[in-house]
Amino acid sequence: MGQVTITVNNCSNGTITMTNNGNATVETGDFVLWNVTGNTINSIAIYQVTGAGESNIWSSLPAPFPNTTSKNWRGTIGDTGDIHEDYTINAVCNGKTLSHDPRISVNPKK
């Protein structure tokens, strides 16, 4: 089991700056950590995209980590096959909410 860290470090010019644009490839059982750095982002929130064709890859849904007042978020990838999930991240920067819809891809269990 490993951890994939997505750094969320800026929201200037009306866009959110993240490692690999917020996209990540993980394996089952991995943690995904969204690490908020710097002081331009006041908070983030992460939501599953729901609808036809979407899967739930999480055994533990993304939530603030290590406590409910943290700006960082973490989720745990469940025992899934070769699938992906789109998610929405909202970042509040100087009172303005910016949204982005990246993707988490899960490698099949080895």
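What to note about this one:
- Count - residues of the stretch 97-107 that are touching a Gly at 6+ places or on another chain (Cβ under 9 Å), farther than 19 Å from Ser70 by Cα and in a strand (DSSP E or B): 4
- Within the stretch 58-77, residues that are under 15 Å from Asn90 (Cβ atoms) and open to solvent by less than 60 Å² (accessible area, probe 1.4 Å) sit with their Cβ atoms under 9 Å from residues that are hydrophobic (A, V, I, L, M, F, W, C) and assigned to a loop (DSSP other than H, G, I, E, B), at 6+ positions apart or across chains, in these pairs: Asn72/Phe65; Trp73/Phe65.
- Pick from the stretch 78-88, criterion in contact with a Ser or Thr (Cβ under 9 Å, 6 or more places away or on another chain) and part of a strand (DSSP E or B), ranking: surrounded by the most Cβ atoms within 10 Å (Cβ to Cβ): Glu85
- Count of residues meeting criterion [without any contact (Cβ under 8 Å) to a residue 60 or more places away in the chain and over 15 Å from Gly75 (Cα atoms)] in the stretch 21-37: 1
- Residue identified as over 21 Å from His84 (Cβ atoms), open to solvent by 50 Å² or more (accessible area, probe 1.4 Å) and within 15 Å of the chain's Cα centre (by Cα) among Asn23, Asn13, Asn39, Asn9: Asn9
The values are calculated or read from the model by the stated rules, or taken from the named source; none is laboratory data. Because the structure is predicted, anything quoted here is derived from the model rather than measured. Note that we place each Cβ from the backbone using ideal geometry, even for glycine, and neighbour counts take in every protein chain shown. Note: areas computed on protein heavy atoms with side chains; ligands, DNA, RNA excluded. Shrake-Rupley method; radii C 1.70, N 1.55, O 1.52, S 1.80 Å.
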